[in-house]
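What follows is a short report on a single structure.
The values are calculated or read from the model by the stated rules, or taken from the named source; none is laboratory data. Bear in mind the structure is a predicted one, so any value in this text is a computation, not a measurement. Positions of Cβ are generated from backbone atoms using ideal geometry, with glycine treated the same way; all protein chains shown enter the neighbour counts. Just the protein is used for accessible areas: all its heavy atoms, side chains included, with ligands, DNA and RNA removed. Shrake-Rupley method; radii C 1.70, N 1.55, O 1.52, S 1.80 Å.
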Amino acid sequence: MPLLKDAMPLMKEPHSPPQAPLPWVLPSLFAAFNVVLLVIFSGLFFAFPCRWLAQNGEWVFPVITGLLFILTFFSLISLNFSDPGILHQGSNEQGPLMVHVVWVNHRAFRLQWCQKCCFHRPPRTYHCPWCNICVEDFDHHCKWVNNCIGHRNFRFFMLLVLSLCLYSGAMLVTCLIFLVRTTHLSFSMDKAIAILVAVPAAGFLVPLFLLLLIQAMSVSAAKRSYEGKCRYLQGYNPFDHGCASNWYLTICAPLGPKYMAEAVFLQRVVGSDWVPIQTPRFPTCPSVLSPPASTSGSLQTREGSPRER
């Protein structure tokens, strides 16, 4: 039976931003503005340089960029309205006075109590201060779409970044080809719009490519963005199943139950000689009237103070 010292969380909790409630109107307007901006620039792109290329027999550019625009718009809207893996708030049957421990690949995690949602958070679950929710397998809060990125929508996020990279590159190449093909013509509205579209496309291409590269490396190593400042004990990541398995679990695997990731194994039954440890230093949830009795699936320490090695 592992000691309480071994049952501490594998990662330190990241420093939370200020917990003051943020108005939801401005972030929502910013996310809507990004969608409108994408539609406006795409409309100018297809109405001027793409139209000229199509009229001169270059149909391959409008077809390819049109398909990429549909993919980008679909992934953007899907990510805006997707469920990142929200865990529902607790009830009167839960309390912060119990010590719950789960195992992940031979590593013990003591579940942290969320004062906002009133339940013990599973490993890698984090309370987002902007959305005021606990998100399973939390990666980060994306202000561009005003939504958290977590277990249930991370694949949409990767699809959005990839499609934006391809779409920006296709727009830039198409505009450059249009400008080269029209060098013998005088300056016109088509050329002005092509330059207007090519400049932001080139400006977004490099950051998007770097973001895609960083996220690909994180998926390969089974890491999360918010864990960047946290250190792993003994350099061991229990969530790492190998590069191929990590990509499968992140992109292709069924999402499974909403409330607990499949990588977490709820462990052993509590024996009769084990009793819950009381931790009165934790603040209680207003909705909890009394601490619950010991439940199956939780690992507690023996009565008294924890032993030190």
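Some observations on this one:
- Only one entry in LEU37, LEU53, LEU71 is aliphatic (A, V, I, L, M) and open to solvent by less than 60 Å² (accessible area, probe 1.4 Å), namely LEU53.
- Among (1) out of contact with any Cys (no Cβ under 8 Å at 6 or more places or on another chain); (2) modelled with pLDDT under 95 - the single one HIS140 does not satisfy: (1)
- The set of residues in segment 47-91 that are under 16 Å from ASP190 (Cβ atoms) and either among the polar types (S, T, N, Q) or touching a Gly at 6+ places or on another chain (Cβ under 6 Å) (or both) comprises GLN55, ASN56, THR65.
- Unique residue being closer than 21 Å to LEU205 by Cβ, at pLDDT below 95 and open to solvent by 40 Å² or more (accessible area, probe 1.4 Å) when the list is VAL173, VAL180: VAL180
- Condition met for CYS128 (modelled with pLDDT of 90 or more, touching a His at 6+ places or on another chain (Cβ under 9 Å) and open to solvent by less than 40 Å² (accessible area, probe 1.4 Å)): yes
- In segment 107-128, the residues that are assigned to a loop (DSSP other than H, G, I, E, B) and in contact with a Leu (Cβ under 8 Å, 6 or more places away or on another chain): CYS117, PRO122, PRO123, THR125
- Residue in segment 56-72 that is modelled with pLDDT under 85 and over 22 Å from the mean Cα position of the chain (by Cα) present: no
- Flag for ASP139 being under 22 Å from the mean Cα position of the chain (by Cα), of a type in the set (Asp, Glu) and surrounded by 15 or more Cβ atoms within 10 Å (Cβ to Cβ): yes
- Matching residues in segment 61-106 - criterion: being of a type in the set (Gly, Ala, Ser), on the phi < 0 side of the Ramachandran plot and not in a helix (DSSP H, G or I): SER82, GLY90, SER91, GLY95
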